[in-house]
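The values are calculated or read from the model by the stated rules, or taken from the named source; none is laboratory data. The model shown is predicted, which means the values in this text are computed figures rather than measured ones. For neighbour counting, all protein chains shown are included, and Cβ atoms are generated from backbone atoms with ideal geometry for every residue, glycine included. Side chains included, ligands, DNA and RNA excluded: accessible areas come from the protein's heavy atoms. Shrake-Rupley method; radii C 1.70, N 1.55, O 1.52, S 1.80 Å.
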Amino acid sequence: KLAIGRGLEAADSSRRLNRIVIGGLLLNVLVALGLTALFSTHINRRLSVLTDNARRLVAQERLHPLLSPGDEIAQVDQVFHQMAESLEKTTGDLKHVNQELESFSYSISHDLRAPLRAIDGFSHILEEEYGQRLEEEGRRLLGVIRRNTITMSQLIDDLLAFSRLSRQQVAESVVDLRDLA
């Protein structure tokens, strides 16, 4: 009986030990799952901010504040912020260049046209009032002056149109190169 009693105690002790081991394993699995869920939620939240910052960068909107440092996601977010600063600076520079282009266009349209109109006007007066007194070569030279003022005026118009091209949207169209050639 003693051997049977000890055998029963050993079996009972073995079952308790198995329950403790299985319980410990289950507890470890539950802790691991909880930590994985917590870690995954934290990473997903940071990735969501990073994804939204990428969208905001494309839309030229203000970015979320920098993520707390310590991982690769924060490093990528810092690069996004640097890109946004660079884009903002480049946009400011482009606005400044466009303002200079506007000033240049104004200068062309006003400052260059005034002397051109004067040359054309005086050459017209010369032709009208003194054209009969001039020899054939003199009348030809006045005609050259008048034609060149018209050409110069057209060049100014073309230059102004060219300067405005950068502010227009590009219109795509299909071109048959055989017809063009």
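How long is the gain from Ser163 to Ile108 if the chain were fully straight, where each residue apart is worth 0.36 nm and the alpha carbon distance is subtracted?
Computed gain between Ser163 and Ile108 is 18.7 nm.
Chymotrypsin sites (Phe, Trp or Tyr not before Pro) within segment 56-110: which are DSSP loop residues with at most 14 other Cβ atoms inside 10 Å?
Passing both the DSSP loop test and the Cβ count: no residue.
Enumerate the residues in segment 155-177 having an amide nitrogen under 14 Å from the point lying 7 Å beyond the Cα of Leu116 toward its Cβ.
155-163
Using a 1.4 Å probe, how large is the accessible area of Asp93, given in Å² and rounded to the nearest 10?
Roll a 1.4 Å probe over it and Asp93 shows about 80 Å².
How much of the accessible area of segment 50-181, probe 1.4 Å, is carbon plus sulfur, in whole percent?
Percent of accessible area from carbon and sulfur atoms in segment 50-181: 58.
Would you please report the Å³ per residue occupied by the convex hull of the alpha carbon atoms in the chain?
227 Å³
With a 1.4 Å probe and all protein chains left in place, how much accessible area per residue does segment 45-128 have, in Å²?
Using a 1.4 Å probe on heavy atoms only, each residue of segment 45-128 averages 73 Å².
Work out the FRET efficiency for Asn148 and Leu180 from their Cβ-Cβ distance, taking R0 = 41 Å, and round it to the nearest 0.05.
0.85
Could you tell me how far the Cα centroid of segment 61-121 sits from the Cα centroid of segment 31-51, in Å?
39 Å
Mind giving me the FRET efficiency for Val31 and Leu8? R0 is 25 Å, r the Cβ-Cβ distance, nearest 0.05 is fine.
My answer for the efficiency is 0.15.
Using a Förster radius of 41 Å, what is the FRET efficiency between Ser68 and Val21 based on their Cβ-Cβ separation? Nearest 0.05, please.
Here the calculated transfer efficiency is 0.55.
To the nearest 500 deg cm²/dmol, what mean residue ellipticity at 222 nm is calculated for the chain from DSSP H runs of n ≥ 4 alone, each contributing -39,500 (n - 2.57), summed and divided by the residues?
Helix contribution divided over all residues of the chain: -28500 deg cm²/dmol.
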